[in-house]
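The values are calculated or read from the model by the stated rules, or taken from the named source; none is laboratory data. This is a predicted model, so every value here is computed, not measured. In this analysis, Cβ positions are derived from the backbone assuming ideal geometry, glycine residues included, and neighbour counts consider all displayed protein chains. Remember, those area values only see protein heavy atoms, side chains included, never the ligands or the DNA or RNA. Shrake-Rupley method; radii C 1.70, N 1.55, O 1.52, S 1.80 Å.
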Amino acid sequence: MRSLQRPLPSARGAVCPRRPVHRMVSCSAAARPIARATDQQKLELLKRVECFIFDCDGVIWLGDKVIDGVPETLDMLRGMGKRVFFVTNNSTKSRAGYMAKFQSLGLNVQAEEIYSSSYAAAAYLESINFDKKVYVVGEAGILEELQLKGIHHLGGPADADKRVTLRSGEFMEHDAEVGAVVVGFDRHINYYKIQYATLCIRENPGCLFIATNRDAVTHLTDAQEWAGNGSMVGAIAGSTKREPTVVGKPSDFMLRNICARLGLRPQQICMVGDRLDTDIMFGKNGGLNTALVLSGVTTEEVLNSPGNTVVPDLVLPKLPDLLSVREAAVVAA
């Protein structure tokens, strides 16, 4: 995996380091079991943090159900003057698509508060002045964001029903003008898409290989975990023998964009997520405060396992547990 080091325009007074700040804490150095946050720790977090960045799946909702107490928690934070952003590695929707989902769940969110990995892919290409075609392994969200940036694209849902027959002498043509392949979560991935992406990356000189994320699993429903985008990226990484540039978490691309817009120091921001290897690592690499919620992928058993080396600053059963200090926090504010 390659880190993105292209600098973004910084807002006045912002501290947006070019290189990620690594402050990983070894699990062996932490007390076991890693305790859930006390009310005092929650209050201290609310006092020092000006901006909260939330993952969505497993933090705000599970599948198509909002987690009880989340709307009230967001209202509390906004009432205290905190800025909130929603950063998701799910690329199936564009920001407009996520706006519709937030509204359907009764959540009051502005479009500029949403950072999806589909948007990150388009924004990254724009930041490097990309002027070729993009082949997309993924769903409508990526295509919509590329369209908004004026980037020519092909593939995506249009290739969902295409099949490879592998008859004797079969030869697949591909567009020589494709200069980047973007791989996002694709519920209709097939051999045709894998082969087309492989041909572009291997045979088109300088073709970029971009992944929205490498998540192992995802929450498509609230009943179980499902294979994530890491399985799609892994297939193409295997056939091309190339590692992708990752624009979603734990890459710092979205973080630097938010930092530049708000003019905040990393210490004034808290990343709240349910995954150690993406959400919490994303925050740790960027020098942020980090809070792990146990309402999604990560269990306390995984958190306290001997093999875990990523330790969050706070652990909450779920995001609405911050409501336990609502009255004290409002008085302190």
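Of the helices (runs of 4 or more DSSP H) lying entirely inside the range 202-311, the ones with 1 or more residues being open to solvent by less than 40 Å² (accessible area, probe 1.4 Å) and under 29 Å from G179 (Cα atoms) are found at 229-240, 253-262, 281-285. Flag: L143 does not match the condition of being open to solvent by 60 Å² or more (accessible area, probe 1.4 Å), of a type in the set (A, V, I, L, M, F, W, C) and in the same structural domain as S231 (by TED's automatic domain parsing).
Scan the range 237-245 and tell me whether some residue there is out of contact with any Phe, Trp or Tyr (no Cβ under 7 Å at 6 or more places or on another chain), within 24 Å of R36 (Cβ to Cβ), at pLDDT 95 or above and hydrophobic (A, V, I, L, M, F, W, C). No, the range 237-245 contains no residue that is out of contact with any Phe, Trp or Tyr (no Cβ under 7 Å at 6 or more places or on another chain), within 24 Å of R36 (Cβ to Cβ), at pLDDT 95 or above and hydrophobic (A, V, I, L, M, F, W, C).
In the condition set (1) charged (D, E, K, R); (2) open to solvent by 80 Å² or more (accessible area, probe 1.4 Å); (3) assigned to a loop (DSSP other than H, G, I, E, B), D186 is compliant with all but (2).
For Q40, the requirement of being exposed (fewer than 14 other Cβ atoms within 10 Å of the Cβ) and either at pLDDT 95 or above or among the aliphatic types (A, V, I, L, M) (or both) is met.
Note on the range 147-181: among residues that are among the β-branched types (V, I, T) and touching a Phe, Trp or Tyr at 6+ places or on another chain (Cβ under 9 Å), the one that is modelled with the lowest pLDDT is V164.
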